[in-house]
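Asks: What follows is a structure written as structure tokens; I'll ask about it next.
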Amino acid sequence: MVKTALQIGSLSLKNPVLAASGTFGFGREMARFQDLSRLGGICSKGLTLHPRAGNPPPRVAETSCGMLNSVGLQNPGLDAFLRDELPFMRQLGCAVIVNVAGHSTDEYCEMCRRLDQTAIDAIELNLSCPNVREGCMLIGSEARQIESLIRQVKLETKKPVWAKLTPNVTSIADMALAAQRGGADAIVLINTLLGMAIDHRTRRPVLGNNTGGLSGPAIKPVALRMVAEVSRLVDLPLIGVGGIMNGQDALEFLVAGASAVEVGTASLIRPAACQDILAEMQALARVDGVDDLAEYRGTLQLWGG
Amino acid sequence: MVKTALQIGSLSLKNPVLAASGTFGFGREMARFQDLSRLGGICSKGLTLHPRAGNPPPRVAETSCGMLNSVGLQNPGLDAFLRDELPFMRQLGCAVIVNVAGHSTDEYCEMCRRLDQTAIDAIELNLSCPNVREGCMLIGSEARQIESLIRQVKLETKKPVWAKLTPNVTSIADMALAAQRGGADAIVLINTLLGMAIDHRTRRPVLGNNTGGLSGPAIKPVALRMVAEVSRLVDLPLIGVGGIMNGQDALEFLVAGASAVEVGTASLIRPAACQDILAEMQALARVDGVDDLAEYRGTLQLWGG
Amino acid sequence: MLPEDPIEHAVTIRSVRRLNSLTAVLVLDAPLIAAAATPGQFVNVTCDQFLRRPIGIMAVQRREGLIELGIRAVGAGTRNLLQKKPGDPLSVLGPLGHGFQLDGLRRVITVGGGSGVFPLFFVQQVCRERGIDALAVCGYRSKNESILRDEYAGLGCQTLFAADAGDLDVAGQAADALAQLLRQLPPVPGTAILTCGPRPMMQAVAELARRNQLPCQVSLEERMACGIGVCLVCACQVKADGKTGYQRCCVDGPVFDAEVVAW
Amino acid sequence: MLPEDPIEHAVTIRSVRRLNSLTAVLVLDAPLIAAAATPGQFVNVTCDQFLRRPIGIMAVQRREGLIELGIRAVGAGTRNLLQKKPGDPLSVLGPLGHGFQLDGLRRVITVGGGSGVFPLFFVQQVCRERGIDALAVCGYRSKNESILRDEYAGLGCQTLFAADAGDLDVAGQAADALAQLLRQLPPVPGTAILTCGPRPMMQAVAELARRNQLPCQVSLEERMACGIGVCLVCACQVKADGKTGYQRCCVDGPVFDAEVVAW
Ligand SMILES: Cc1cc2nc3c(=O)[nH]c(=O)nc-3n(C[C@H](O)[C@H](O)[C@H](O)COP(=O)(O)OP(=O)(O)OC[C@H]3O[C@@H](n4cnc5c(N)ncnc54)[C@H](O)[C@@H]3O)c2cc1C
Ligand SMILES: Cc1cc2nc3c(=O)[nH]c(=O)nc-3n(C[C@H](O)[C@H](O)[C@H](O)COP(=O)(O)OP(=O)(O)OC[C@H]3O[C@@H](n4cnc5c(N)ncnc54)[C@H](O)[C@@H]3O)c2cc1C
Ligand SMILES: Cc1cc2nc3c(=O)[nH]c(=O)nc-3n(C[C@H](O)[C@H](O)[C@H](O)COP(=O)(O)O)c2cc1C
Ligand SMILES: Cc1cc2nc3c(=O)[nH]c(=O)nc-3n(C[C@H](O)[C@H](O)[C@H](O)COP(=O)(O)O)c2cc1C
Ligand code: FES
Ligand code: FES
């Protein structure tokens, strides 16, 4: 058997395949498709302090090798999550990562304070949702705000804090360095690229929110580049996400420098994608004569470097 | 017949379909595939003051619905272009736009000064090539540098100056506004997204230059969003580029606010793409009951706006 | 926790029945879906595009383990499906969603338009099996574009076909035909109206039902990705506890009580 | 200025000849290409991936208007091509590139390895037509993995098959076999070595040719996009005027004089 266990800072994971936020609900519906105890972990749908209705439909547009979504953080709010969903997630037997989105530093802090006393494994700070007006991507586009937010959040909780960054910036390296300075325990790269789809006949955006976040294999080259770029500058564990559809994609992210990966859109097309991807990674490792997936991590050798 | 003629500032174009820089050479090889006099215009391969050898191979990697290139501005230099290529291009019967890339403001200025006295129709300032170390994308990622570069270049030439911007920025609107302040005559959106492809077995980037520029349908949603965003803030004519593969794609860019489009990667797959796309635009316009392609321009109606 | 019965099925196309240039019925070998499906449920099928496409189940042949999908060309995905040939593979997720509620009903009137006539055919099939009295109203542009008329008639239910062009039973739209039917039909307790089709049609049908004090179930269409409830892109506006909010068309629907739909 | 003869052809697959689990020969109805192609030229074909794939022309049947392409599975694109069936459509750009130069040659030795044995077959075919004395050296891993041996032999040329596994004429690589051949072969003016295959093999062959003072032409492989000279992604390092620079593999090559290649 190829070894799969790894550490993200103080957190031990069975294996490097996590379900990405927003594409797995709270795991409930997915239990029909795979044995969730075999996953590395599940990132919850993005949560806000108060319930959010989300954006007007349509919320999805198909694009070439990808999709745009404009869900806009529809979620039941932190209280309902803690009451109705966390107990279920907790007994799945895999790590539970809570994706947290706030309007303001105060809201992020408040949520982290309340999560500190719960049985979750890590907090993923969503600094990158492109589908809401306040917080999130606005904070995530400015190095100084990233740094100060994380610093404050870290005062509220002992849980590992992962910073999930947006690719819609001039320098992802600057954002990642800011997250490191702020005290993040890991960096998650990347959230969706901001995009638009247009119906030329109706002269209308396809999405009710006009713009949306682009995900899927279309964005994999951008995500890989960002992981590789950040990996050479930052000492934190990285979690790679963006367009991972199969085991080979996942290994590319490990080679680029990621300790683990998150699988998003793939789960929407093949609900058992996470489990399949893990199996494919192990099969490829056997072919490569590698007996621990961690051996791939950060092995990228640049040309002329 | 559906009308196709348009103006980009003072420049009259037969129709809104231009060949994008770097995907059409100087037109020579493409003459076998279509009647070039029927195109709106051709943007030359990116030129530098002195000849450039370009980057080490491999220079291309296929990605999902797209490709990465790392050509790195291989070109014969301005003198050789003026001597060997321009006379040929000039007699093709379509507009000739020269794509200009420099290391420094001085180089951009020098090139524009020398192009001023030639028979070209417009200068496309390449502020966006991701495959060279100096100039280009570095300048194009800072609003102040964009503004000052264009202002200085405009002192050197009476030719229309188009600013071709990079999408690898936090705010494309800020870059476009800077180009407008600097005195650009039009804005071209977008150049390629910076990406990477990795071979997990060799643990090497596929491209000899490590990173490359992502083009093709994968990036269309990003390009459309940027055109729509800039169109609402800037008064200049826009030229849309990024993933246009057919007439419908092209019309979407017009609806988003572009006056014309450039077709890049599509020409590498179907050499006659430009001509086909123009024909498809006209056919769709007939279906829509539109008798002038210009009627599509900027008709996008946002939801809830 | 172990996975339940898998609902992702690698199936093969048994046959393709062309109805006209824009529509066809695909018959798939899918015994598990055939065994489990109820009317109004749908499947999410691959179609050589990036995402799957939600398609209502039009009929099941339980003994043979077959399901039938009626497909109408809209864009690239449905056009690809119409090109499929016997023997071609498809990946099918299903049966999905919350279908029509037939329990306790004594008479069912289905009102379909556009591709809505496909899933409602399954309702008629089950009504016949269960001995529920059933009537079918179908609306088309014209006789020429009409589909499934013989199949509906073949089920033995009373049918009423409307065509805008005026060349079928009733001149006008499906809702006009329903109005006419309701005027003539002796009231029977336990009657319900089940509708599927273009939104304006369903809204008109729901309004007629309300005026006639008949319960009405509508099958909503929203763009989907997962079809299984995890991505929240298929939000449709529904009233609950006096407040309007979003529910997931794919798992909370696609069939809703007309009274809760926020039109 | 009007377009010349179009070189983008919508063609149909006439037949598929499977050679082993990893290779096959596709025969295409492409009369214009068959009429114009010379050995060493290639076509750029669609393969259900984003970009086309460059494939050397393996043979032409001019009278029938057919061309043959030998395909070896490497990745997704070539695997898709190996799945094709008679009647399937392909878009083919070609003939492209600068092929082997046979004019003035009196004896040709082709040295192929890997998928290089495919395009060199066309060289042999033309040598036979033109009455040029020709010898073929082909290298394989093992007899089991060897391909086209009967076809080469069927052309009547002298053949020498090498296998690393030692179960063919020569134990070792194609270059070893060439060395052995050159030791035995009486020198004839106008002899040239034409090679195609993995780069290390071609480099060894070129070195042998140099030592034997024989001219050598090599067919380089570079990743391509357009195949027609406009995108500059297929740069290969070549010496010209004493300086090394990039030339386009697709139009300046793929065949170059071994002396100018910067190995
Ligand atoms: C529950 C349900 C049941 C359905 N049953 C049937 C059926 O039995 N027969 C049938 O022919 N069609 C049915 N449809 C509609 C069918 O799903 C759409 O026509 C189809 O998705 C269009 O895809 P396309 O690629 O052809 O069109 P495109 O417009 O090219 O599709 C692009 C995107 O838009 C989405 N989309 C476009 N139109 C619709 C629509 N009306 N509803 C939802 N998403 C849409 C697609 O899913 C895709 O993501 C049903 C839809 C739903 C939600
Ligand atoms: C002039 C020329 C002639 C050729 N003739 C033949 C032939 O007759 N028969 C045959 O089987 N193969 C031939 N090849 C090689 C063939 O083009 C590659 O094996 C093929 O492109 C691999 O594509 P893939 O999708 O299977 O592999 P992948 O590795 O999945 O392809 C991914 C990308 O890499 C490129 N690529 C991968 N390997 C190569 C390579 N060795 N050379 C160039 N590009 C590559 C592909 O074009 C594609 O863009 C030739 C190549 C060239 C340049
Ligand atoms: C429908 C949908 C909803 C998403 N919701 C969230 C979210 O709530 N929080 C978050 O951090 N990311 C969210 N994402 C982003 C994904 O977690 C992931 O970062 C992105 O989709 C790229 O990965 P992929 O290409 O594998 O999907 C969402 C993505 C999709 C497609
Ligand atoms: C091979 C290649 C070379 C390119 N060279 C240049 C260049 O020299 N100058 C430039 O401004 N853009 C260059 N581009 C970018 C294109 O002009 C275009 O902006 C980009 O590819 C997006 O459009 P597309 O998706 O239609 O290709 C190049 C693109 C490709 C694929
Ligand atoms: S389509 Fe994903 S939740 Fe309904
Ligand atoms: S492949 Fe485009 S120039 Fe050679």
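The values are calculated or read from the model by the stated rules, or taken from the named source; none is laboratory data. Source: prediction; values computed, not measured. Every residue, glycine as well, gets a Cβ built from its backbone with ideal geometry; the counts of neighbours run over all protein chains shown.
Asks: From the list B:Ile123, B:Ile190, B:Ile219, B:Ile198, exactly one residue is farther than 22 Å from A:Pro217 by Cβ and of a type outside the set (Phe, Trp, Tyr). Which is it?
Replies: B:Ile123
Asks: Residue by residue through segment B:288-305, note down the ones that are in a loop (DSSP other than H, G, I, E, B), more than 8 Å from every other protein chain (Cβ to nearest Cβ) and surrounded by 15 or more Cβ atoms within 10 Å (Cβ to Cβ).
Replies: Residues satisfying the conditions are B:Val290, B:Arg297, B:Gly298.
Asks: Here are some conditions: (1) at pLDDT 95 or above; (2) surrounded by fewer than 24 Cβ atoms within 10 Å (Cβ to Cβ); (3) at positive phi. D:Gly104 meets all but one. Which one does it not meet?
Replies: (1)
Asks: Which one of C:Gly116, C:Gly70 is part of a helix (DSSP H, G or I), in contact (Cβ under 8 Å) with a residue 40 or more places away in the chain, under 21 Å from C:Ala174 (Cβ atoms) and of a type outside the set (D, E, K, R)?
Replies: C:Gly116
Asks: Check C:Phe50 against each of (1) over 18 Å from C:Cys234 (Cβ atoms); (2) within 16 Å of ligand 3 (Cβ to nearest atom); (3) of a type outside the set (S, T, N, Q) and name the one condition it does not meet.
Replies: (1)
Asks: Then there's this: List the strands (runs of 3 or more DSSP E) inside segment B:7-100, counting only whole elements, that have at least 2 residues being within 16 Å of ligand 6 (Cβ to nearest atom).
Replies: Hits in segment B:7-100: B:60-63, B:66-69.
Asks: Which of the following residues is more than 13 Å from chain A (Cβ to nearest Cβ), surrounded by fewer than 21 Cβ atoms within 10 Å (Cβ to Cβ), aliphatic (A, V, I, L, M) and more than 22 Å from A:Arg59 (Cα to Cα): C:Ala175, C:Ala209, C:Ala165?
Replies: The unique qualifying residue is C:Ala165.
Asks: Which of the residues spanning segment D:76-102 are within 14 Å of chain B (Cβ to nearest Cβ), under 30 Å from D:Ile193 (Cβ atoms) and more than 16 Å from ligand 6 (Cβ to nearest atom)?
Replies: D:Thr78
Asks: It is to be established whether one or more residues within segment D:28-49 are buried (at least 18 other Cβ atoms within 10 Å of the Cβ), aromatic (Phe, Trp, Tyr) and under 26 Å from D:Glu129 (Cβ atoms).
Replies: Scanning segment D:28-49, I find at least one residue that is buried (at least 18 other Cβ atoms within 10 Å of the Cβ), aromatic (Phe, Trp, Tyr) and under 26 Å from D:Glu129 (Cβ atoms), so the answer is yes.
Asks: Condition (residue is more than 30 Å from B:Pro221 (Cα to Cα) and touching a Pro at 6+ places or on another chain (Cβ under 8 Å)) applied to segment A:40-54: is it met by at least one residue?
Replies: yes
Asks: Considering (1) touching a residue at least 60 places away in the same chain (Cβ under 8 Å); (2) in a loop (DSSP other than H, G, I, E, B); (3) surrounded by fewer than 22 Cβ atoms within 10 Å (Cβ to Cβ), say which one C:Ser91 fails and leave the rest.
Replies: Among (1) touching a residue at least 60 places away in the same chain (Cβ under 8 Å); (2) in a loop (DSSP other than H, G, I, E, B); (3) surrounded by fewer than 22 Cβ atoms within 10 Å (Cβ to Cβ), the lone unmet condition for C:Ser91 is (2).
Asks: Could you list, in sequence order, the residues of segment A:198-215 that are more than 24 Å from the chain's Cα centre (by Cα) and of a type in the set (Val, Ile, Thr)?
Replies: The answer is A:Ile198, A:Thr202, A:Val206.
Asks: Return yes or no: is B:Gly54 within 13 Å of another protein chain (Cβ to nearest Cβ) and more than 24 Å from B:Gly41 (Cβ to Cβ)?
Replies: So B:Gly54 fits the description; yes.
Asks: Quick check: anything in segment C:21-33 within 16 Å of ligand 3 (Cβ to nearest atom) and in contact (Cβ under 8 Å) with a residue 24 or more places away in the chain?
Replies: No.
Asks: Show me the strands (runs of 3 or more DSSP E) entirely contained within segment C:204-263 in which 3 or more residues are under 30 Å from C:Cys47 (Cα atoms).
Replies: C:216-219, C:235-240, C:243-248
Asks: Kindly evaluate C:Val111 against the criterion of being more than 20 Å from C:Leu194 (Cα to Cα), assigned to a strand (DSSP E or B) and touching a residue at least 12 places away in the same chain (Cβ under 8 Å).
Replies: Against the criterion (more than 20 Å from C:Leu194 (Cα to Cα), assigned to a strand (DSSP E or B) and touching a residue at least 12 places away in the same chain (Cβ under 8 Å)), C:Val111 does not qualify.
Asks: Sticking with this structure for a sec: Using the structure shown, decide if D:Ile13 is more than 8 Å from ligand 2 (Cβ to nearest atom) and surrounded by 22 or more Cβ atoms within 10 Å (Cβ to Cβ).
Replies: It is false that D:Ile13 is more than 8 Å from ligand 2 (Cβ to nearest atom) and surrounded by 22 or more Cβ atoms within 10 Å (Cβ to Cβ).
Asks: Right, next: Evaluate the following for D:Cys157: is it within 21 Å of D:Gly99 (Cβ to Cβ), in contact with a Lys or Arg (Cβ under 8 Å, 6 or more places away or on another chain) and surrounded by fewer than 23 Cβ atoms within 10 Å (Cβ to Cβ)?
Replies: So D:Cys157 passes the test.
Asks: Now for a different question. Among the helices (runs of 4 or more DSSP H) lying completely within segment B:216-287, list those that include at least 3 residues that are crowded, with 24+ Cβ neighbours inside 10 Å, among the charged types (D, E, K, R) and touching a residue at least 12 places away in the same chain (Cβ under 8 Å).
Replies: Filter on segment B:216-287 gives an empty set.
Asks: Please find, within segment C:50-65, the residue that is farthest from the chain's Cα centre (by Cα) out of those that are closer than 19 Å to C:Val233 by Cβ and in a loop (DSSP other than H, G, I, E, B).
Replies: C:Phe50
Asks: A further question follows. Could you please let me know if A:Pro16 is touching a residue at least 60 places away in the same chain (Cβ under 8 Å) and either more than 23 Å from C:Ala225 (Cβ to Cβ) or in contact with a Pro (Cβ under 6 Å, 6 or more places away or on another chain) (or both)?
Replies: yes
Asks: Go through C:Thr195, C:Thr244, C:Thr191 for me and flag whichever is among the hydroxyl-bearing types (Ser, Thr, Tyr) and within 14 Å of another protein chain (Cβ to nearest Cβ).
Replies: Answer to the selection: C:Thr244.
Asks: Within segment A:103-205, considering only helices (runs of 4 or more DSSP H) that don't extend past its boundaries, which have at least 2 residues that are in contact with a helix residue (DSSP H, G or I) (Cβ under 7 Å, 6 or more places away or on another chain) and surrounded by fewer than 22 Cβ atoms within 10 Å (Cβ to Cβ)?
Replies: In segment A:103-205, A:105-116, A:143-156, A:172-182 are the helices (runs of 4 or more DSSP H) which contain 2 or more residues that are in contact with a helix residue (DSSP H, G or I) (Cβ under 7 Å, 6 or more places away or on another chain) and surrounded by fewer than 22 Cβ atoms within 10 Å (Cβ to Cβ).
Asks: Further question on the same structure: For segment C:145-174, give me the residue count where each residue is without any contact (Cβ under 8 Å) to a residue 60 or more places away in the chain and either of a type in the set (A, V, I, L, M, F, W, C) or assigned to a loop (DSSP other than H, G, I, E, B) (or both).
Replies: 18
Asks: Ok, one more. So, in segment D:34-66, how many residues would count as being within 14 Å of another protein chain (Cβ to nearest Cβ), more than 16 Å from ligand 6 (Cβ to nearest atom) and touching a Pro at 6+ places or on another chain (Cβ under 7 Å)?
Replies: 1
Asks: Is it true that B:Ser44 is surrounded by fewer than 24 Cβ atoms within 10 Å (Cβ to Cβ), within 14 Å of another protein chain (Cβ to nearest Cβ) and at pLDDT 95 or above?
Replies: In short, no.
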